Amino acid sequence: MTDQDSARLLPHLHEVEGRLGLEGEAGRLEVDFVGGRTGHRLRHGGGRGQTLARAVGAGKGRSLPRILDATAGLGRDAAVLATIGCPVLAVERQAPIFALLADGLARALADEETAALLRGHLQILEADATQLLDAWAQDATATPLASFVPEVIYLDPMHPPRRKAAQVRKEMRVFRDLVGIDQDQQQLLAAALGCAVERVVVKRPMGADALLPGVAQRLSGKTTCYDLYLRPKKGEPASLRKG
Ligand SMILES: C[S@@+](CC[C@H](N)C(=O)[O-])C[C@H]1O[C@@H](n2cnc3c(N)ncnc32)[C@H](O)[C@@H]1O
């Protein structure tokens with residue numbers, strides 16, 4: 001990811017009726033936590049019973065971990081985790097995507113009902129998460145993570161297409177056309193695994209191989225699955241732990 005990649009996206013950024021959006025050949029992308037598909041998911045998505053919540057260890061009856069979402073994108077997963085009560089720091093490295101996220105979050109906070117749903121739990125940061133995590137692993141006091149101290153790191157990097165274009169949701173197609181594939185996702189995961197956290201969770205397409213070895217458990221939802229890398233408890237091999 002270079003400044004050139006961000007510069008390439010800038011001409012696609014347009015404001016329409018006070019909402020920032022990225023426009024590609026297949027359509028327009030906006031961040032909307034108030035209405036649309038994401039707004040609906042935040043209100044009726046299954047709360048702590050949903051697979052995402054269980055994957056990060058925030059299922060029913062569990063405590064609510066502080067989560068670093070290292071691949072914020074359009075912030076949908078981060079917002080879901082915030083609405084179930086987890087403090088979330090969502091990191092995005094592409095400036096135009098970060099601009100959409102900041103715009104969507106500002107509109108969400110201006111809407112009383114959505115602001116109450118998010119409970120002040122969602123913070124966003126423009127940065128490269130690999131660099132951030134490497135710096136935190138070296139010196140836990142010297143980075144923006146020092147004041148947040150995540151217990152869980154969540155990754156959902158953009159993967160190469162596996163289905164025919166027509167079968168992929170339009171939003172995903174626009175995103176992939178404009179933003180591209182995250183070619184360095186294994187480095188990001190390696191940086192996350194180098195940090196002293198309880199678990200690292202990687203969202204993967206159904207049936208795909210793990211990004212790196214060491215998965216303790218795979219949780220499957222309807223269309224995606226989550227690979228869990230768990231810090232072993234004393235005297236226990238990581239592969240025995242359950243999410
Ligand atoms: C598939 S999208 C994430 C979608 C997100 N989970 C959601 O619910 O909207 C992947 C995003 O991660 C970002 N990303 C990938 N690697 C990153 C890194 N090392 N640091 C920060 N952001 C990264 C990409 O720019 C892209 O916007």
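Here, each number is a calculation from the coordinates, and none is a lab measurement. All figures in this text were calculated on a predicted structure; none of them were measured in a lab. Every residue, glycine as well, gets a Cβ built from its backbone with ideal geometry; the counts of neighbours run over all protein chains shown.
The figures follow:
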quantity	calculated
Residues (more than 18 Å from residue 203 (Cα to Cα) and within 8 Å of the chain's Cα centre (by Cα)) located in the stretch 89-107	none
Scope the stretch 61-109; condition touching a Gly at 6+ places or on another chain (Cβ under 9 Å) and among the basic types (Lys, Arg); matching residues	107
Qualifying strands (runs of 3 or more DSSP E) (wholly inside the stretch 9-88; at least 2 residues being under 14 Å from residue 201 (Cβ atoms))	67-69
Among residues of the stretch 89-113, those that are in a loop (DSSP other than H, G, I, E, B) and either crowded, with 19+ Cβ neighbours inside 10 Å or within 8 Å of the ligand (Cβ to nearest atom) (or both), counted	2
